[in-house]
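Scroll down for the structure; my scribbles are underneath it.
The values are calculated or read from the model by the stated rules, or taken from the named source; none is laboratory data. Note that the structure is predicted; figures quoted are calculated from it, not measured. Here the Cβ positions follow ideal geometry from the backbone for every residue, glycine too, while neighbour counts run over all protein chains shown. Side chains included, ligands, DNA and RNA excluded: accessible areas come from the protein's heavy atoms. Shrake-Rupley method; radii C 1.70, N 1.55, O 1.52, S 1.80 Å.
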Amino acid sequence: RRWRAAKLAGMETIPVVIKESSPQEMLELAIVENVQRADLNPLEEALAFQQLVTTFNMTHEVISKKIGLSRPAIANKIRLLSLPEEIKRALLEQKISEGHARALLGLHKPETLIAAFKITIRDNLSVRAVEELVRRLNTGKQVAKRKDMRILDEKTTELESSLRTKFGNTVTLARSQKGGKIVIPFKNDNELDKIVDKLL
């Protein structure tokens, strides 16, 4: 990359610093350089930081100085690796942003985290809206969203997640102060028959 850059710049010589490094130091330098590339996705960055921690026993503070990010930023990126596979896949496919993923990490129960993630995708929530949803779920408060004043408390999100596991991701559980409804869409008679069999 440096040779190509120097060639494009019309340089006759390339400034070089030669370092005597052990194989371990060379690997460390390679990881640090790769992390500084602009085209890494958040999970690739997180894996690189985790490798620096586990292989070279680096602290987050040391990594932050080498990379130029804050210590909390390093810690938050590594935490992305603890997300369920479904959410990590959505992050890789850019269905959610790193900000969405970090906000969801505020939930500790896996089933609640998955349910909140599905609401995020379904309702196309902003990062700020996800942060508010997570805050409400953690404090046990009911969250009203959209015109029908859907209640998005922990119980509702967990129940909806269970229903979607059984009947598919299009199922919605809508609760309000006056009651609610469960909607199980179907495309044809065959799907309807399968739903009825499960219900009976």
| query | So how much slack lies between K178 and K109, counting 0.36 nm per residue of separation and subtracting their Cα-Cα distance, in nm? | reply | 22.0 nm
| Label-point separation in nm, L40 to T165, each point 7 Å along Cα→Cβ | 3.5 nm
| Accessible area in square angstrom per residue, segment 20-107, 1.4 angstrom probe | 55 Å²
| task | Quote the accessible area belonging to T13 in square angstrom, nearest 10, computed with a 1.4 Å probe and with ligands, DNA and RNA left uncounted. | result | 100 Å²
| request: Largest first and to the nearest Å, give the Cα extent of segment 13-113 along each principal axis. | output: 55, 29, 22
| Using a 1.4 Å probe on the protein chains only, how many percent of the accessible area of the chain belongs to carbon and sulfur? | 53 percent
| request: Would you kindly give the portion of the calculated P(r) for the chain that falls above 23 Å, as a percent of all Cα pairs? | output: 59 percent
| task | Grab the Cα-Cα distance for Q50 and S126, subtract it from 0.36 nm times how many residues apart they are, and report the gain in nm with one decimal. | result | 24.5 nm
| Among the listed pairs K19/K66; K95/K198; K178/K198; K155/K178; K95/K178; K109/K198, those beyond 24 Å (Cα-Cα) | K95/K198; K178/K198; K95/K178; K109/K198
| request: Would you kindly state how much longer the chain becomes between N57 and N190 on full extension, computed as 0.36 nm times their sequence separation minus their alpha carbon distance, in nm to one decimal? | output: 42.2 nm
| request: Compute the distribution of all C-alpha to C-alpha distances in segment 1-67, in bins of 5 Å from 0, and list the percent of pairs in each, rounded to whole numbers. | output: 3, 14, 21, 20, 16, 13, 8, 4, 0
| What is the dipole size for the chain, taken about its Cα centre, with +1 at each Lys and Arg Cβ and -1 at each Asp and Glu Cβ, in debye to the nearest 20? | 740 debye
| query | Excluding same-chain residues fewer than 8 positions from K194, which lysines have a Cα within less than 19 Å of its Cα? | reply | K166
| request: About the Cα centre of segment 29-99, how large is the charge dipole given +1 on each Lys and Arg Cβ and -1 on each Asp and Glu Cβ? Please answer in debye to the nearest 20. | output: 200 debye
| query | Got the relative contact order for segment 1-90 handy, in percent, Cα pairs under 8 Å and 6 or more residues apart? | reply | 23 percent
